[in-house]
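None of the figures in this text is laboratory data; all of them are computed from the coordinates on show. These figures come from a predicted structure and were not determined experimentally. Here the Cβ positions follow ideal geometry from the backbone for every residue, glycine too, while neighbour counts run over all protein chains shown.
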Amino acid sequence: MARLDWLMARPIAHRGLHDRTAGVVENTPTAVGEAIAAGYGCEIDVQLSADGEAVVFP
């Protein structure tokens with residue numbers, strides 16, 4: 001069985017490190033930047049559009 005300890009090694013910000021009261025909306029570049037600045041891993045939902053562009057969606 002694969003070891004998954006690395007998943008718990010540091011916090012992971014789901015959809016970025018968002019905070020509605022501070023105006024930081026989930027799945028935005030600002031939320032991802034906040035996660036990076038805080039040293040968090042970041043999980044976001046991304047798919048390719050029909051024209052090949054990456055699209056982040058809630």
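Annotations
- Residues within segment 4-23 that are part of a loop (DSSP other than H, G, I, E, B), in contact with an Asp or Glu (Cβ under 9 Å, 6 or more places away or on another chain) and loosely packed, with under 10 Cβ neighbours inside 10 Å, tallied: 0
- Whether a residue is buried (at least 17 other Cβ atoms within 10 Å of the Cβ) and without any contact (Cβ under 8 Å) to a residue 24 or more places away in the chain was assessed, and residue 26 does not pass this test.
- Near pairs, Cβ below 8 angstrom, 6+ apart or cross-chain, from segment 41-58 (free of Cβ contacts under 8 Å to residues at least 40 places away in the same chain) to any residue that is part of a loop (DSSP other than H, G, I, E, B) and of a type in the set (D, E, K, R): 41/10; 43/15; 44/15; 45/15; 56/45; 57/45
- Scan segment 24-34 for residues that are assigned to a helix (DSSP H, G or I) and within 19 Å of residue 55 (Cα to Cα) and the total you get is 5.
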